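Read-outs throughout are calculated quantities, based only on the coordinates presented, and are distinct from any laboratory measurement. As the structure is a computational prediction, the values presented were derived from the model and not from experiment. Here the Cβ is made from the backbone with ideal geometry for all residues, glycine too, and neighbour counts use every protein chain on show.
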Amino acid sequence: PNAAGKQLPRIYVTRRIPPRGMKILRQSGLCNIEQWDSDEPVPRSELLEKVAGIRGLYCLLTEKIDAKVLDAAGPSLRVVSTMSVGYDHVSLEELKKRGIRLGYTPDVLTEAVAELTVALLLATSRRLLEAVDEAKNGGWGTWKPLWMCGYGLTDSTVGILGLGRIGAAVMARLKPFGVKRFLYADAGPRPDMATKIPAEFVPLDELARHSDVIVVCCALTPETQGICGNSLFSRMKDTAIFINTSRGGVVNQEALYQALVNGQIAAAGLDVTEPEPLPTDHPLFKLKNCVILPHIASATVATRNAMAALAASNLLAGLQGKAMGKEVPL
Ligand code: DGY
């Protein structure tokens, strides 16, 4: 109960979250907080039990928020707030049916994700991890003209699949590297995003054919599920670099594996896979021309705190029936 003796609504937080987020929730005096106090995801059975009767759910991208969870929560649930910009783990249809609102965390992570995307691109195109290994493990013989050669960005064509906030931020960061031409493919032209770069809207086939680098920055939706498959890879240049920092589900990994093994494309850099974590014995880990990171694109201390804070204030706004800072229209 609060000072007035009123019972506060209960919320459930599915993980230990960065301190700025927790502080906002605690200091609000607007809710009773229950939390899965661990760095590991809450077991599904525990989640189903703990959500019963809550008013708000603060979750991460690791929790599948579907009809089962929403039914377990019951009619008290008014708001779900995810500490992520992606919300493919949340069933929008089921939320809508029940009149539950959804908060998410765009904008605050754009710079961090774009920065990591550029880092992953350079690590992949200039073969940094392979080179570090060679230096350490005795592969570094004498200086050789064509040893460890990769591909540069000067005069290149970069194709972005999905021109949103992150895609535009990636292009802005790549421009000073001397990229000659920016292309993008999306559900339709995005002049609001493309004009200032500038970037040309092209069909996906053309993006594949003309790009020296393809960077995937789109959301995972039924339309983009597996969109990067054999038909894309077979049209790409055999010198091209493929980068994905969006969601693993956008890529047909078997097709990617074949493209990398058969030399259809030069190399790939992935910050996201399907599943996550990718099993350590997965064939993609055996390839020298595949750089795999453990989903760290937004992982700066400041960004993760900003995400946690935005998700907290979204949740509080939802509890009070107020406008959220960032809400997914349903
Ligand atoms: C997101 O927010 O959706 C990212 O995948 C993690 O930052």
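Evaluate the Kirkwood expression for the hydrodynamic radius of the range 49-110, namely the inverse of the mean inverse distance over all pairs of different C-alpha atoms, and round to one decimal in Å.
On the way: mean 1/r = 0.0858 Å⁻¹.
Radius from the Kirkwood sum: 11.7 Å.
Across the range 109-192, what fraction of all alpha-carbon pairs, as a whole percent, falls in each successive 10 Å bin from zero upward?
16, 39, 26, 14, 4, 0
Please work out the Kirkwood hydrodynamic radius for the range 1-97, using every pair of different C-alpha atoms, and report it in angstroms with one decimal place.
Kirkwood hydrodynamic radius for the range 1-97: 13.8 Å.
In terms of the Cα gyration tensor, with a ≥ b ≥ c the square roots of its eigenvalues, is the range 2-48 rounded because a/c is under 1.5, prolate because a/b exceeds b/c, or oblate?
Numbers: a/c = 4.34, a/b = 1.56, b/c = 2.78.
It comes out oblate by the Cα gyration axes.
Which order do peptides 165-171, 216-222, 116-122 fall in by mean Cβ count within 10 Å, highest first?
Numbers: 165-171: 23.7, 216-222: 18.4, 116-122: 21.6.
Ranked from most to least packed, the peptides come out as 165-171, 116-122, 216-222.
Taking the DSSP beta bridges in the chain as the whole, what percent of them are antiparallel, to the nearest 5? Provide the component values of the computation, followed by the final result.
On the way: 1 of 39 bridges.
Once the DSSP bridges in the chain are tallied, antiparallel ones form about 5 percent.
Hey, could you get me the Stokes-Einstein D for the range 69-217, Kirkwood radius over alpha-carbon pairs, 25 °C and 0.890 mPa s, rounded to whole µm² s⁻¹?
On the way: Rh = 18.3 Å.
The estimated diffusion coefficient comes to 134 µm²/s.
Anything in the chain that counts as a DSSP H helix reaching 18 Å or more along its axis (C-alpha) with Kyte-Doolittle mean of at least 0.0? List them, would you?
Details: long enough: 110-125 (22 Å, 1.31); 301-319 (27 Å, 1.08).
The answer, listed by residue number, is 110-125, 301-319.
Helix-derived [θ] at 222 nm for the chain: sum -39500 (n - 2.57) over DSSP H runs of at least 4, divide by residue count, nearest 500?
Numbers: 12 runs with 112 residues, N = 330.
-9500 deg cm²/dmol, from helical runs alone.
Between residue 290 and residues 5 or more places away or on another chain, which pairs have amide H atoms under 5 Å apart, with H built 1.01 Å from N, and which residues are they?
Under 5 Å from the amide H of residue 290 lie the amide H atoms of 268, each far enough along the sequence or on another chain.
Report Rg(Cα)/(2.2 N^0.38 Å) for the chain, keeping two decimals. Kindly include the intermediate steps, with their values, before the conclusion.
On the way: Rg = 21.9 Å, N = 330, 2.2 N^0.38 = 19.9 Å.
For the chain, the normalised Cα radius of gyration comes out at 1.10.
Which trypsin sites (Lys or Arg not before Pro) does the range 1-82 hold that lie in a coil by DSSP with at most 11 other beta carbons within 10 Å? Working shown, then result.
Numbers: sites: 6, 10, 15, 16, 20, 23, 26, 44, 50, 55, 64, 68, 78; in loops: 6, 15, 16, 55, 64, 78.
Answer in residue order: 6.
Taking one equal scatterer on every alpha-carbon of the range 195-246, how large is log10 of I(q)/I(0) by Debye at q = 0.22, 0.23, 0.24, 0.28 1/Å?
Debye output, listed in q order: -0.92, -0.99, -1.06, -1.27.
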